[in-house]
Amino acid sequence: MTGVLTSSLLKINLQLMVAIFWFHPTVKLDVPNFFGFTSQLKRGYSRHPNPYHNFLHAADVTQAMNVLLQMATQSSEEFASCLSPLDEIACVLAALSHDYRVPPWSEQQLLEIHNGCNLREIW
């Protein structure tokens, strides 16, 4: 059930993003490539089964980012004028991918397992 819910939530979220950016005159969103990119993200989140930093969490954070951007740009002309459509897309994509391929261990556990190796080498 969780997998179905995750896929449904993310699909709705991504459709919202496409609807927002598809019709913007300065954004040339290639929808098939965008959905291919998100499919790759989903596979990356599945690489390390993580009880919290998973694809459902990514969908939640992405939705929160969407809402915050919409609220901020609608309530403040100054803030809205600072963000280009590309900035907004970057924020949303950063939210979607922020825990990509994070293993299910804490930083301390990783340091103990790998004897203080550079964490970038592990991933």
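Sorted largest first by accessible area at a 1.4 angstrom probe radius, with every protein chain in place, the residues Tyr52, Tyr100 fall in the order Tyr52, Tyr100.
With the full set of protein chains in place, find how many percent of the accessible area of the range 56-99 is carbon and sulfur; take the probe as 1.4 Å.
63 percent
Peptide packing: for 33-45, 59-71, the average count of neighbouring Cβ atoms within 10 Å per residue gives the ranking 59-71, 33-45, highest mean first.
Against the criterion of solvent-accessible heavy-atom surface with a 1.4 angstrom probe, Cys91, Cys82 sort, most first, into Cys82, Cys91. Stretching the chain fully between Ser81 and Phe37 yields a gain of 13.0 nm (0.36 nm per residue, less the alpha carbon separation).
The values are calculated or read from the model by the stated rules, or taken from the named source; none is laboratory data. The shown structure was predicted, so the numbers you read here are calculated from the model rather than taken from an experiment. Cβ atoms come from the backbone with ideal geometry, glycine included; neighbour counts cover every protein chain shown. With ligands, DNA and RNA removed, areas are computed over all heavy atoms of the protein, side chains included. Shrake-Rupley method; radii C 1.70, N 1.55, O 1.52, S 1.80 Å.
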